[in-house]
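Reading through the structure tokens given below for one structure.
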């Protein structure tokens, strides 16, 4: 029987590494706080990763583990991985003994696995969010003993026990979901002109070298087309890209865009990697998009994410190896075919899931209250 008075929730949220893991985790944490204001929430991330900066900025406490992921490019860098994993489990044990969680929510990333594995060994309810259309190996292993598995897309029964799956979609940052800023004000925020077609380029929080190179090589062509650019480069080589754009008044360039709500509002079209959260945000804002999947993503999940939309003619896709040659022609095609772009905008909205953060938060709270 459910408890008459709800159990005080002490939840650990584990994971990170990229904005695609961090921002949905923060969205769920905020939704939990709204539903149960006395809940205690502790994030666990990986030392040196962006969650150690972004989570405190959102007002939450975070502890960092000494852990790294498997390096697919240089196998010799994996020699220390077993030792880091053992050390992380020792750190996790200390965190659990001090915080005493009664629930753990994992969003993927290096730190997610040891935290959820330890919780499952202790019999603590664990919840997983799998954002991608192709589930990661760690989540597949953890899913066997998870309490509930929240998925961003349908058709995940081949990866997880079907009776544990709840299809929620992917949590989108509140300010993006609400979309309160108008296009003209958003353009002014980036120092750009109203009534000009604007292209948003986002290569993910860590940048996308191929997309950046394609944009850099075609800056003069974009100017001739009368296109304005909002260009998020990521941190690698950011100074070089910024220098390349200084001669062009139609370009706003930055290594990281804090106000993505304004960036989407300003944009008529988007060029993006196809991480699950980028796909969710673009669908929510209803923007026509050219996806360039990151080719080294685990199990090539970014291609799977984009292919779901491309199949329904809700987006376009270019392989990473072809982006240098194919990006400009495809942008020109869409800019001159307004009907095709308009149809994409309508179709991509059908992939938007409303209130995923609230649904996930409510399920976690209900499950703990019913214990």
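Only residues that are in a helix (DSSP H, G or I) and within 17 Å of residue 275 (Cβ to Cβ) were counted across segment 102-131, and they come to 1. Of all residues in segment 299-313, which are surrounded by fewer than 23 Cβ atoms within 10 Å (Cβ to Cβ) and either over 15 Å from residue 280 (Cβ atoms) or without any contact (Cβ under 8 Å) to a residue 60 or more places away in the chain (or both)? Within segment 299-313, 299, 300, 303, 307, 310, 311, 312, 313 meet the criteria. Considering segment 163-176, and only residues there that are in contact with a helix residue (DSSP H, G or I) (Cβ under 6 Å, 6 or more places away or on another chain) and assigned to a helix (DSSP H, G or I), the residue that is farthest from residue 132 (Cα to Cα) turns out to be 175. Within segment 242-298, being part of a helix (DSSP H, G or I), farther than 27 Å from residue 357 by Cβ and either in contact with a helix residue (DSSP H, G or I) (Cβ under 6 Å, 6 or more places away or on another chain) or in contact (Cβ under 8 Å) with a residue 40 or more places away in the chain (or both) holds for one residue alone: 244.
No other residue among 229, 187 is part of a strand (DSSP E or B), at pLDDT 95 or above and in contact with a strand residue (DSSP E or B) (Cβ under 7 Å, 6 or more places away or on another chain) apart from 229. Scanning segment 41-71 for residues that are over 19 Å from residue 95 (Cβ atoms), free of Cβ contacts under 8 Å to residues at least 40 places away in the same chain, surrounded by fewer than 20 Cβ atoms within 10 Å (Cβ to Cβ) and touching a helix residue (DSSP H, G or I) at 6+ places or on another chain (Cβ under 7 Å) turns up 58, 70, 71. Of all residues in segment 200-210, those satisfying the criterion of being touching a helix residue (DSSP H, G or I) at 6+ places or on another chain (Cβ under 6 Å), modelled with pLDDT of 90 or more and crowded, with 22+ Cβ neighbours inside 10 Å are 200, 201. Here 225, 240 are screened, and the one residue that is within 19 Å of residue 271 (Cα to Cα) and surrounded by fewer than 20 Cβ atoms within 10 Å (Cβ to Cβ) is 225.
Among the residues here, residue 343 does not qualify as more than 16 Å from residue 292 (Cβ to Cβ), assigned by TED's automatic domain parsing to the domain that holds residue 127 and modelled with pLDDT of 95 or more.
Of the residues screened, residue 192 is one that is in a loop (DSSP other than H, G, I, E, B), in contact with a strand residue (DSSP E or B) (Cβ under 6 Å, 6 or more places away or on another chain) and in contact (Cβ under 8 Å) with a residue 24 or more places away in the chain. Only one entry of 155, 108, 143 meets the criterion of being outside the structural domain of residue 258 (by TED's automatic domain parsing), in contact with a strand residue (DSSP E or B) (Cβ under 7 Å, 6 or more places away or on another chain) and under 25 Å from residue 307 (Cβ atoms), and that entry is 143. Mind counting the residues in segment 82-110 that are under 25 Å from the mean Cα position of the chain (by Cα) and at pLDDT below 95? The number of residues fulfilling the criteria is 7.
Among the residues of segment 7-40, those identified as surrounded by 24 or more Cβ atoms within 10 Å (Cβ to Cβ) and not in a helix (DSSP H, G or I) are 11, 12, 13, 14, 15, 16.
The values are calculated or read from the model by the stated rules, or taken from the named source; none is laboratory data. Everything numeric in this text was worked out from a predicted model, so none of it was measured. Reconstructed Cβ throughout: ideal geometry from the backbone, glycine too, with neighbour counts over all protein chains shown.
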